[in-house]
Amino acid sequence: MSFSRNSARAVKQALRAPSVAKRSIALAARQQVALNAAVQPQVARNVLGAVRGVKQLKFADDVETVYERADWPLEKLQDYFKNDTLAMIGYGSQGHGQSLNARDNGLKVIVGVREGGESWKQAQEDGWVPGETLFGIDEAINKGTIIMNLLSDAAQSTTWKHIEPLITKGKTLYFAHGFSVVYKEDTGVIPPKDVDVILVAPKGSGRTVRTLFQEGRGINSSIAVWQDVTGKAKEKAVALGIAVGSGYCYETTFEKEVYSDLYGERGVLMGGIQGMFRAQYQVLRENGHSPSEAFNETVEEATQSLFPLIGKYGMDYMYAACSTTARRGALDWAPKFEKANLPVFRDLYKSVRDGTETRRSLEFNNRPNYRELYDKELAEIDAQEIWRAGKTVRALRPDSKEQI
Ligand SMILES: NC(=O)c1ccc[n+]([C@@H]2O[C@H](COP(=O)([O-])OP(=O)(O)OC[C@H]3O[C@@H](n4cnc5c(N)ncnc54)[C@H](OP(=O)(O)O)[C@@H]3O)[C@@H](O)[C@H]2O)c1
């Protein structure tokens, strides 16, 4: 695709396109207000900004409920959790991001991880103090009122028999993924009957949870309730979602969260995109293209130029910003890729639903040497020609700090 060669034309189109985008945004906003006025008069006032509150918004043709941070100013949040201690169990990427955000929001947070492990070290580097705010797992659970089980999904299963008796009546059990309880036949995680069980699943890595919060923004999160003993479980899930750094909380169920999440990460988000990148690169190389050309045309242009445009304004905007030559070809080939991929996605969803993916994940991630095994697989990716070529291309970016 000749985006860079035609950059002048593309820039002109891109300059033209915002007005198209603005027009469609204005139109969408008017349609939204009309819809809300018809469906829910009180919500129409929300959209107009007169009343704050839960929003019911139209996503494509469906109306869904969304909760926003603006409804939880800091004082309200701190007051809501004034009698609570949030016990963050596990300090992987989510534990790190969520606990630091909640601490910065002025809530009482402690961290519980196994002593002497990687996380114990990392937590101390982030300012958690042994005996004050950093404890072994059992002690943290005993001290906490809201038990945030952010161990790895595999560890949630292997530690459950030990942890379960510590989660006593009156505590709240919190997860960042529906995995453990939805696949309870495989994981053995069956929560006690007398505690609220809720979920806040940020739609991004824990590192992003932290950086967006530090930038004054917020990540989108899914929230759900598995068990509501107090009648307050949903409200608590929303409040915790905001406390750990979400900007917007989208309501779902544990099942829907875990099915879509396992499916998405195996598909377009990670596995699918890696497979597409490699296949496209390989054919270019088979046809005599140099590594730099194959990489630029496959990964660099996608991640640096076109995907951000899709992210910012949508697929039609990306098309509008490209040459008519590119547009014609992509429009013709998109249905072919869709048709070729559909059976793979259907197989994948089935494999998620029937628990195959869960069992595979538990089996692999429970191996004592799982970290080394992953290191080995990732080192193999790093050694692939496409990603070695990528290192040089990235180093040539004007703002790069990478060494060639
Ligand atoms: N990462 C994401 O992008 C993401 C996004 C949304 C939701 N989630 C969910 O958030 C949860 C946590 O995920 P994560 O990525 O933050 O963490 P992770 O890397 O999967 O897990 C790391 C934590 O688990 C601990 N751990 C592993 N095996 C253990 C064992 N046998 N006994 C005790 N502790 C053990 C590690 O402690 P040591 O350092 O001591 O080994 C570390 O604190 C999961 O439910 C995940 O599905 C993750």
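The values are calculated or read from the model by the stated rules, or taken from the named source; none is laboratory data. Treat the numbers as computed from the prediction; the structure is a model and nothing was measured. Methodologically, a virtual Cβ is constructed for each residue, glycine included, from the backbone with ideal geometry; neighbour enumeration extends over all protein chains shown. Each accessible area value is taken on the protein alone, full model and side chains, heavy atoms only, with ligands, DNA and RNA left out. Shrake-Rupley method; radii C 1.70, N 1.55, O 1.52, S 1.80 Å.
Kindly establish whether HIS162 is within 12 Å of the ligand (Cβ to nearest atom), more than 27 Å from the chain's Cα centre (by Cα) and closer than 30 Å to THR356 by Cβ. Taking the combined requirement at face value, the residue satisfies it. Taken as a whole, region 105-124 holds no residue that is in a helix (DSSP H, G or I), more than 19 Å from the chain's Cα centre (by Cα), away from the ligand (no atom under 13 Å from the Cβ) and of a type in the set (Phe, Trp, Tyr). Kindly establish whether LEU331 is farther than 30 Å from THR158 by Cβ and assigned to a helix (DSSP H, G or I). For LEU331, the condition - farther than 30 Å from THR158 by Cβ and assigned to a helix (DSSP H, G or I) - is met. Residues in region 192-216 that are open to solvent by 10 Å² or more (accessible area, probe 1.4 Å) and in contact (Cβ under 8 Å) with a residue 12 or more places away in the chain: PRO192, LYS193, ASP194, PRO202, LYS203, GLY204, SER205, ARG207, THR208, ARG210, LEU212, PHE213. Is it the case, given these coordinates, that LEU362 is within 16 Å of the ligand (Cβ to nearest atom) and within 28 Å of SER292 (Cβ to Cβ)? It is false that LEU362 is within 16 Å of the ligand (Cβ to nearest atom) and within 28 Å of SER292 (Cβ to Cβ). Among the criteria (1) under 26 Å from ASP347 (Cα atoms); (2) of a type outside the set (S, T, N, Q); (3) more than 12 Å from the ligand (Cβ to nearest atom); (4) open to solvent by less than 30 Å² (accessible area, probe 1.4 Å), the one LYS256 does not fulfil is (4). When ASN142 is tested against the conditions (1) surrounded by 18 or more Cβ atoms within 10 Å (Cβ to Cβ); (2) more than 12 Å from the ligand (Cβ to nearest atom); (3) of a type in the set (S, T, N, Q), the lone failure is (1). Would region 231-248 turn up any residue that is touching a helix residue (DSSP H, G or I) at 6+ places or on another chain (Cβ under 8 Å), open to solvent by 30 Å² or more (accessible area, probe 1.4 Å) and away from the ligand (no atom under 12 Å from the Cβ)? Yes.
Checking each residue in region 362-396 for being open to solvent by 60 Å² or more (accessible area, probe 1.4 Å), touching a residue at least 12 places away in the same chain (Cβ under 8 Å) and outside any helix (DSSP H, G or I) picks out only ASN366.
Would a scan of region 83-100 turn up a residue that is open to solvent by 30 Å² or more (accessible area, probe 1.4 Å) and more than 16 Å from the ligand (Cβ to nearest atom)? Checking region 83-100: at least one residue is open to solvent by 30 Å² or more (accessible area, probe 1.4 Å) and more than 16 Å from the ligand (Cβ to nearest atom).
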